[in-house]
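To start, the structure under review is shown below, and the notes come after it.
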Amino acid sequence: MKTPVAASLLLVTALLGVGCRDAPVDKTPYARDWNAHPAVVTVSGAAALDAVGDLHGDAEVAFHLLASAGLITTTSPTAWAGGNRVLVVTGDLIDKGTSALPIIDLLMTLEPQARAAGGRVVVTIGNHEAEFLADPSGLKSVEFQAELRCAWVDPAAVVGDLHDEPLVVD
């Protein structure tokens, strides 16, 4: 007999996959360019350093937090407004919430804009991204897997992007 927790987990997993099909999977092994993407990033000479972590797939909170700090515009399209400030995002963009992709997309958009303005956006991986890297189909990342399936995003492509993120900011 199934326990209520196991039955609930199966139901949630089934509901998250409703209406979504698996994206094509690229099985090409990933090789990190350590010169372009070092594991430890050193930040020096920053006018100001802002840090945020544990956004857990809550895009609304992420946008509000970054806008309130004056790091992004409040108009569409969202853009870097932090000038020469440095934003460090300490991981855990995924897990618990169902809107991690808009956060990832925003940060990827902000990185070159910040660099052009003399600032910087540094995103490190957190334990939830590390768990996803270790097992992209594991139970620890069910919500993120469902979000990827619905967006037709290949988890292997995300794994490659996550492999490039630093582990530590010095």
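The values are calculated or read from the model by the stated rules, or taken from the named source; none is laboratory data. Predicted, not measured: the structure shown is a model, and the values here were computed from it. Every residue, glycine as well, gets a Cβ built from its backbone with ideal geometry; the counts of neighbours run over all protein chains shown. Heavy atoms of the whole protein, side chains included, go into the accessibility calculation; ligands, DNA and RNA do not. Shrake-Rupley method; radii C 1.70, N 1.55, O 1.52, S 1.80 Å.
Here is how the numbers come out for the structure above:
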| item | result |
| --- | --- |
| Separation in nanometres of the label points that stand 7 Å from Cα toward Cβ, at ASP54 and ALA39 | 2.6 nm |
| Inter-site label distance for THR73 and VAL153 at 7 Å from Cα along Cβ, in nm | 2.3 nm |
| Solvent-accessible ranking of ILE104, ILE72, largest area first, probe 1.4 Å | ILE104, ILE72 |
| Centre separation in Å (Cα based) which lies between segment 73-111 and segment 45-64 | 7 Å |
| ALA47-ALA134 FRET efficiency (beta carbon distance; Förster radius 35 Å; 0.05 resolution) | 0.40 |
| Area accessible to solvent at ARG120, 1.4 Å probe radius, in Å² | 90 Å² |
| Under-5 Å amide H pairs with VAL88, H placed in peptide plane, nonlocal only | ASP50, ALA51, VAL52, VAL122 |
| Segment 35-124, relative contact order in percent, only Cα pairs under 8 angstrom and at least six apart counted | 34 percent |
| With all protein chains modelled, accessible area of HIS64 [1.4 Å, Å²] | 130 Å² |
| Calculated FRET value between ALA31 and GLN113, using beta carbons and R₀ = 30 Å, to 0.05 | 0.60 |
| Heavy-atom accessible area ranking, 1.4 Å probe, most first, across TRP152, TRP80 | TRP152, TRP80 |
| Residues of segment 47-170: accessible area per residue with a 1.4 Å probe, Å² | 47 Å² |
| Stokes-Einstein D (µm²/s) once Rh is taken as the Kirkwood radius of segment 87-142 over alpha-carbon pairs, at 4 °C in 1.567 mPa s | 107 µm²/s |
| Placed amide H near ILE72: partners under 5 Å, 5+ positions off or other chain | ALA67, ALA81 |
